[in-house]
Amino acid sequence: MIKPADSISGTRRKRASFAESGGDSRDRLTGQIERVTFHSDESGFAVLKVKARGHRDLVAVVGTLFNVTPGEWVEAEGRWVIDPQHGRQFKAEDLRTTHPDTLEGIEKYLGSGLIKGIGPVYASKLVKAFGKDVFDVIENRSKLLQKVEGIGPMRRMTIKDAWNEHKFVREIMTFLLSHGVSTSRAFRIYRTYGEKAIERVMSDPYCLTRDIWGIGFKTADQIAQRIGIARDSDIRARAGTEYVLQELIGDGHCAYPRSALVDEAVKILEIATQIVDDAVRHGLEHGRLVQDNAPDNEPLIYLKTLYQAETLLADNLCDLASGKHPCPPVIVEKAIEWVQEQVRLELAPEQKDAIRKAVDNKVMIITGGPGVGKTTLVNSILKIFRAKKLKVVLCAPTGRAAKRMSETTGMTAKTIHRLLEYDPSSGQFKHDMNRKLSGDVFVVDETSMIDVVLAHQFARAIPRHAAVIWVGDVDQLPSVGPGTVLRDLIDCGAFPVCRLTEVFRQAASSSIVTNAHRINKGQMPYYPEGDEQKKETDFYFVRCEEPEAAADRVVRLVKESLPRRFGFDPLEHIQVITPMQRGVLGARALNQSLQEALNPEGEYIEKFGYRYRAGDKVMQMINDYQKDVYNGDIGRIAELNREEREISVRFEGRGLVNYDFQELDELSLSYAITVHKSQGSEYPCVVVPVHTQHYMLLQRNLLYTAITRGKRLVVILGMPKAVGIAVNRTESKRRITLLGNRLASGMGLREGFFS
């Protein structure tokens with residue numbers, strides 16, 4: 001039988017026996033884990049109930065352990081303490097677990113759902129068939145598993161693969177925890193590097209930052225320090241400088257001034273300027289970094305991938321703008337008359353002018369706020385193009401935006417990612433510069449959300465004969481990713497822009513629309529107060545000064561008040577949108593409170609700080625091309641399967657998507673989401689906490705974006721002072737990007753444009 005590796009916690013210690021340790025006064029305890037009361041994937045902190053030798057009742061053991069399963073055997077060294085709240089506990093300074101060696105423990109261990117393909121039923125069958133040799137059979141003689149009723153070749157391979165995966169992940173967890181870092185990303189490390197994961201990390205711990213989502217430089221640096229990599233070493237300086245640049249890109253910049261980057265890296269890494277200068281020079285020489293000069297001759301440093309995205313995006317758009325429009329000759333005024341009959345509306349002068357531009361220009365931009373007729377204009381343009389037998393392709397950056405586009409146009413719209421079609425075998429999109437998309441006119445909605453990288457991936461796949469129309473609201477928040485694509489397209493002067501400003505009469509009757517435009521002009525929104533709140537409107541303000549009271553009020557509004565008064569379904573119709581993730585009024589805390597109020601019952605799995613159960617609203621947090629789900633996609637958990645160690649999520653507009661329990665860091669509860677995550681979506685009702693607790697993030701475009709997510713009702717909750725701060729504060733920092741300059745230069749226009 002294979003002797004299982006010990007799992008360890010905290011700093012690795014030499015394990016001397018009590019006799020050898022001289023005066024070591026620590027107590028010892030051994031036994032079988034009956035129940036895991038609590039375990040944190042991030043910190044490893046655990047509260048266990050242990051059937052310990054020499055103790056009649058179960059013992060509460062508290063300590064740090066990277067992974068723990070009922071049925072395992074635990075060995076602990078530490079001291080007995082009396083906790084004021086929980087009573088007598090064994091506080092372990094050192095914890096080790098091994099596979100259980102009793103039949104009862106083995107069956108409990110295997111039946112816990114730890115190994116995919118084995119649940120309580122098969123655990124019982126396996127123990128009856130192989131006894132204490134079951135671990136050796138799974139690892140070294142797995143063909144014997146097929147002698148057990150119900151286990152065929154497929155299930156055998158599932159069990160074998162899951163066992164090996166568990167073994168290697170456990171080793172990685174042991175390695176990470178022994179170097180003082182949390183273990184929640186061990187599964188991703190194994191999936192990325194396989195059996196050579198520890199060897200790879202030992203040779204270059206900074207590879208974790210580059211290759212593993214969710215692992216930052218500080219974690220990799222902590223490992224590096226532990227294995228003896230000097231703080232002023234070249235490998236640390238190079239990785240650290242790229243990390244600092246990546247952090248700045250996280251603020252929306254495409255590049256950063258070289259001198260400022262060096263200064264920032266010196267401060268964060270705490271090493272000499274010369275070492276950082278050498279690291280930048282090395283990155284430039286080896287092609288990981290690229291230097292370009294801004295119009296004011298300040299050298300800018302790019303990551304190579306971003307430089308290529310920005311320059312090639314400009315080249316592709318300038319190339320697209322040249323040549324003949326795919327639309328056959330049109331007598332525009334007659335076309336406008338015809339389309340007005342089709343839509344049964346008199347178009348505004350701005351809309352008519354946009355139609356003239358659309359049939360003459362291969363690249364154009366339509367922008368404007370709510371209620372100004374963007375949808376009517378786009379539909380009118382589409383009718384003309386379709387009447388001329390052109391193939392029109394509609395797309396948007398998110399699933400919800402694409403769905404809304406389909407609803408308003410009556411045509412199929414896809415997300416940009418799905419339009420480009422990811423190919424898992426190559427790790428690239430199927431459509432690119434070598435395999436163009438099929439279409440004559442491409443219309444892109446919610447362009448304000450699109451960053452430089454996605455815009456480049458899309459633009460390079462548009463056939464050269466085609467036209468493209470970018471639609472969006474430039475006054476909303478810019479993209480989460482780098483760049484300001486929509487603003488650059490508008491400001492560079494290279495392409496015609498239709499800016500719609502007239503609010504139509506029907507839309508003007510909505511307080512949501514009128515308040516959005518008031519906020520955009522720097523004016524306080526109007527909302528009924530006192531007795532006026534009894535009047536029916538679509539915009540309310542609920543005053544709540546204390547953050548804790550405001551958080552409680554949010555839950556009551558969603559669960560009781562709004563459903564009772566307006567008939568909204570709390571899960572289907574109401575979305576809480578908040579400025580930030582952290583704090584009492586942040587998305588994380590509100591999600592836990594709303595989950596407890598709206599979906600408190602049923603079996604759950606606890607991972608990465610969240611409890612997940614069937615019925616929960618969840619959001620995808622990263623692009624997962626293998627699963628074909630993308631950042632911002634919202635779904636509902638349909639099923640939790642402990643035996644297969646999976647949950648199934650049903651996303652809007654598609655079938656079920658399965659997640660291994662170890663992949664749940666890709667999902668977040670979405671009862672409450674941040675304003676950035678809400679972009680591109682509309683909801684029947686939105687509740688927006690706005691409090692001085694959010695001070696650092698309060699700004700006009702954030703509040704404007706939040707309230708324009710509501711279709712039928714908007715409720716702002718918090719402090720008038722906080723609303724005033726947001727209304728009066730405009731974004732002071734412009735993102736550093738040369739896209740506008742490249743577009744202007746590429747179209748032979750003025751030099752010196754700098755976003």
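Some observations on this one:
- The set of residues in the range 444-478 that are open to solvent by 20 Å² or more (accessible area, probe 1.4 Å) and β-branched (Val, Ile, Thr) contains only Val453.
- Only one entry in Ala550, Ala589 is without any contact (Cβ under 8 Å) to a residue 60 or more places away in the chain, in a helix (DSSP H, G or I) and under 27 Å from Asp616 (Cα atoms), namely Ala589.
- Every residue from the range 393-410 that is open to solvent by less than 20 Å² (accessible area, probe 1.4 Å) and acidic (Asp, Glu): none
- Residue match in the range 227-238 (condition: open to solvent by less than 50 Å² (accessible area, probe 1.4 Å), part of a helix (DSSP H, G or I) and touching an Asp or Glu at 6+ places or on another chain (Cβ under 9 Å)): yes
- Gly150 meets the stated requirement of being among the small types (Gly, Ala, Ser), without any contact (Cβ under 8 Å) to a residue 60 or more places away in the chain and not in a helix (DSSP H, G or I).
- The single residue among Pro720, Pro689 that is open to solvent by 10 Å² or more (accessible area, probe 1.4 Å) and closer than 21 Å to Arg556 by Cα turns out to be Pro720.
- Residue tally, condition within 27 Å of Glu502 (Cα to Cα), in contact (Cβ under 8 Å) with a residue 60 or more places away in the chain and among the basic types (Lys, Arg), over the range 376-407: 3
- Selection from the range 686-733 of residues that are under 30 Å from Ala494 (Cβ atoms) and touching a helix residue (DSSP H, G or I) at 6+ places or on another chain (Cβ under 9 Å): Gln699, Arg700, Asn701, Leu702, Tyr704, Thr705, Thr708, Thr730, Glu731
- Counted residues, the range 607-665 - those being at pLDDT 85 or above, basic (Lys, Arg) and in contact with a Gly (Cβ under 6 Å, 6 or more places away or on another chain): 2
- Taken together, Leu284, Leu312 contain a single residue that is in contact with a strand residue (DSSP E or B) (Cβ under 7 Å, 6 or more places away or on another chain), open to solvent by 30 Å² or more (accessible area, probe 1.4 Å) and assigned to a helix (DSSP H, G or I), which is Leu284.
- Near pairs, Cβ below 8 angstrom, 6+ apart or cross-chain, from the range 90-119 (at positive phi) to any residue that is outside any loop (DSSP other than H, G, I, E, B) and buried (at least 19 other Cβ atoms within 10 Å of the Cβ): Gly117/Ile159; Gly117/Ala162
- For Arg170, the conditions (1) of a type in the set (Lys, Arg); (2) more than 18 Å from Leu114 (Cα to Cα); (3) in contact (Cβ under 8 Å) with a residue 24 or more places away in the chain are fulfilled apart from (2).
- Check on Ile577, crowded, with 16+ Cβ neighbours inside 10 Å, modelled with pLDDT of 95 or more and either part of a loop (DSSP other than H, G, I, E, B) or touching a Lys or Arg at 6+ places or on another chain (Cβ under 9 Å) (or both): yes
- In the set Val649, Val688, only one residue is under 30 Å from Tyr527 (Cα atoms), assigned to a strand (DSSP E or B) and touching a residue at least 24 places away in the same chain (Cβ under 8 Å); that residue is Val688.
- Those residues of the range 652-685 which are among the acidic types (Asp, Glu), under 22 Å from Leu590 (Cβ atoms) and in a helix (DSSP H, G or I), in sequence order: Asp665, Glu666
- Of all the residues in the range 81-109, those that are among the hydrophobic types (A, V, I, L, M, F, W, C), modelled with pLDDT of 85 or more and open to solvent by less than 70 Å² (accessible area, probe 1.4 Å) number 3.
- Within the range 550-574, considering residues that are charged (D, E, K, R) and farther than 19 Å from Ala589 by Cβ, the one most open to solvent (accessible area, probe 1.4 Å): Arg564
- Residues (outside any loop (DSSP other than H, G, I, E, B) and open to solvent by 50 Å² or more (accessible area, probe 1.4 Å)) located in the range 292-309: Asn293, Lys304, Thr305, Tyr307, Gln308
- Reported count of residues in the range 316-336, each being closer than 16 Å to Arg386 by Cα, part of a helix (DSSP H, G or I) and open to solvent by 40 Å² or more (accessible area, probe 1.4 Å), is 1.
- On inspection, Ala186 fails the criterion of being within 25 Å of the chain's Cα centre (by Cα), modelled with pLDDT of 85 or more and either open to solvent by less than 20 Å² (accessible area, probe 1.4 Å) or farther than 24 Å from Val453 by Cβ (or both).
- Out of Gly78, Gly63, sole residue that is in a strand (DSSP E or B) and touching a Leu at 6+ places or on another chain (Cβ under 7 Å): Gly63
- Among the residues making up the range 252-272, those that are free of Cβ contacts under 8 Å to residues at least 60 places away in the same chain and either open to solvent by 30 Å² or more (accessible area, probe 1.4 Å) or under 24 Å from Met449 (Cα atoms) (or both) are Arg258, Ser259, Ala260, Asp263, Glu264, Val266, Lys267, Ile268, Glu270, Ala272.
- Criterion: under 27 Å from Glu643 (Cα atoms) and in a loop (DSSP other than H, G, I, E, B) - qualifying residue of Gly583, Gly615: Gly615
- In the range 202-226, residue least open to solvent (accessible area, probe 1.4 Å) [restricted to those that are in contact with a Pro (Cβ under 9 Å, 6 or more places away or on another chain) and β-branched (Val, Ile, Thr)]: Ile223
- The range 491-516: number of residues that are surrounded by fewer than 21 Cβ atoms within 10 Å (Cβ to Cβ) and part of a helix (DSSP H, G or I): 7
- Any hit, the range 625-637, residues being of a type outside the set (Lys, Arg) and within 30 Å of Ser124 (Cβ to Cβ): yes
- Counting residues in the range 527-534 that are at pLDDT 90 or above and either crowded, with 20+ Cβ neighbours inside 10 Å or under 26 Å from Pro684 (Cβ atoms) (or both) gives zero.
The values are calculated or read from the model by the stated rules, or taken from the named source; none is laboratory data. Quick caveat, the model's predicted, so the values are computed rather than measured. All Cβ positions, even for glycine, are placed from backbone atoms using ideal geometry, and neighbour counts span all protein chains on display. Note: areas computed on protein heavy atoms with side chains; ligands, DNA, RNA excluded. Shrake-Rupley method; radii C 1.70, N 1.55, O 1.52, S 1.80 Å.
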